[in-house]
C-alpha cells in the first residue's frame with residue numbers, strides 16, 4: 001500500500017477576541033493508499049483543503065496529521081486572485 005510523508009504549510013488569518021491574528025505553521029503529515037497517489041500529483045504551492053486527525057509521532061516526539069481526505073481549492077475558495 002502506498003504511503004507518503006509530507007509537510008503541510010498552513011497560513012491563515014483568524015479572529016481572536018475580535019482581533020485578526022495571522023497563523024503560519026508547518027505540520028508533518030502522512031497519507032496512505034489512494035490519497036498518497038493523489039497527494040503526489042499536487043503542485044508544491046497548490047492550495048488544498050485537508051481533513052484528518054492528529055496522532056502522536058512514532059518516535060513519541062510531536063504529532064503527525066493523518067490525512068483522510070483532500071480537496072483541491074480554487075482561487076475563490078482561498079481568497080487569492082491568482
Restricting attention to the stretch 7-57, report how many residues are without any contact (Cβ under 8 Å) to a residue 12 or more places away in the chain, loosely packed, with under 11 Cβ neighbours inside 10 Å and in contact with a strand residue (DSSP E or B) (Cβ under 8 Å, 6 or more places away or on another chain).
7
State whether the residues of the stretch 32-48 include one that is part of a strand (DSSP E or B), at pLDDT 95 or above and closer than 20 Å to residue 73 by Cα.
no
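Those residues that are under 19 Å from residue 66 (Cα atoms) and either part of a helix (DSSP H, G or I) or out of contact with any helix residue (DSSP H, G or I) (no Cβ under 8 Å at 6 or more places or on another chain) (or both), I need them from the stretch 2-23; list them, please. Write out each step before concluding.
The initial filter retains those residues of the stretch 2-23 that are under 19 Å from residue 66 (Cα atoms), namely 2-11.
Scanning the stretch 2-23 gives 5, 7, 8, 9, 10, 11.
The values are calculated or read from the model by the stated rules, or taken from the named source; none is laboratory data. Computed from a predicted structure; not experimentally measured. Methodologically, a virtual Cβ is constructed for each residue, glycine included, from the backbone with ideal geometry; neighbour enumeration extends over all protein chains shown.
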